[in-house]
Amino acid sequence: MTQIDPHETVDPTAPVLLFDSGVGGLSVLAKLRAILPQAPVIYVADNAGLPYGDKTEAQIAARVSGLLGRLTERLRPRLVCIACNTASTIALASVREVLEVPIVGTVPAIKPAAAMTRTGVIGLLGTAATIRQSYVDRLEAEFAADKLLLRHGAPELVAAAEAKLRGDPVDPAVYARAADALRAQPGGDRIDTVVLACTHFPLIEAELRVAFGPGVAFVDGSDGIARRIAFLTDGQPWHRNKPDLALFTRGGIEVDRLDSVLAAHGLAEVALF
Ligand code: DGL
């Protein structure tokens, strides 16, 4: 029997689908563009469900698997990237079980942080839902058992990143509060490495850098995700036959005001899903 080469069967126009609750996945898209500029992309923001971080595990799992099921059926992507730590740490395994398309998830960058820290104290900023996941406990046990990992759930930072990209002013006290909440925990004064365990947070890294002050390094998973997508699609044909698309699950003025940011990320068309 002749083997079917999976690369030959890929439709060159089939997009990579990036999924997040809001604009956070754009931090992943930026890295993907840098290494795979030829890849057609559909970016999906489930902004009707934003923020995921305040929802229960059951709510997030139901939303993410329901939406991704409908999206993959309708849009036929070659690969789906769940560009959201909250959705990945909760729903990645179950989504993988039901969808046939390859799925790349977003994992809090605890492993690289453990290799980077000199003081042995790592801060982790995520959503409230992410920081309580056993997925994070397992990463901590596997890669940072000899380190001190301090966690803080910061929904305010998700709102801040959304506001920043819309062009709204953000009170710098929001960033200071996140830094203070980590520093105030026992051992927190020795934090030298901070994991940005929410895809929204690299979008406000400059502001967080100011809030934490010198001597603190930041790490997130976006480079690794982009490399993983490139690896999984290696050798596949690419052809962009229409402008890349951003889909939102709810329209309105807040989406309209993202137009220039979306265009800067190569997402020339915006529509509702
Ligand atoms: N961008 C998402 C993440 O990486 C979460 C934002 C939200 O709370 O919806 O966790």
Report task. Between beta-carbons, use under 13 Å as the cut-off and find the net charge around LYS147, counting Lys and Arg +1, Asp and Glu -1. Result -> 0
Query raised in the report: Relative to the first principal axis of the alpha-carbon coordinates of the chain, what is the inclination of helix 26-35, with its axis defined by its Cα atoms, in degrees from 0 to 90 and to the nearest 10?
Result: 60
Query - Hz values of 3J(HN,Hα) by residue in the range 187-198 - Karplus curve (6.51, -1.76, 1.60), Gly and Pro given as x - result: x, x, 5, 9, 4, 10, 9, 10, 8, 8, 9, 8
Report summary line: Rounded to one decimal in nm, the spacing of the 7 Å Cα→Cβ label points at ASP146 and ILE253 is 5.6
**Report entry** LYS164 accessible area, 1.4 Å probe, all protein chains in place, Å² to nearest 10
**Finding:** 80
Query - Solvent-accessible area, 1.4 Å probe, carbon plus sulfur percent, for the range 125-172 - result: 54
Requested in this report: State the antiparallel share, in %, of DSSP beta bridges confined to the chain, rounding to the nearest 5.
Outcome: 0
Requested in this report: Counting only heavy atoms of the protein chains, get the accessible area per residue of the range 120-273 (1.4 Å probe) and round it to a whole Å² value.
Outcome: 46
Requested in this report: Give me the net charge of LEU29's neighbourhood, meaning all other residues with Cβ under 10 Å from the Cβ of LEU29; Lys, Arg count +1, Asp, Glu -1.
Outcome: 0
Query raised in the report: If the cut-off is 18 Å between C-alpha atoms, which lysines fall inside it for LYS111, apart from same-chain ones fewer than 8 positions away?
Result: LYS147
Requested in this report: Might you tell me the accessible area per residue for the range 1-101, computed with a 1.4 Å probe and given in Å²?
Outcome: 43
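The values are calculated or read from the model by the stated rules, or taken from the named source; none is laboratory data. Computed from a predicted structure; not experimentally measured. Cβ sites come from the backbone with ideal geometry, for glycine too, and all protein chains shown count toward neighbours. Note: accessible area is taken over every heavy atom of the protein model, side chains too, but ligands, DNA and RNA are not part of it. Shrake-Rupley method; radii C 1.70, N 1.55, O 1.52, S 1.80 Å.
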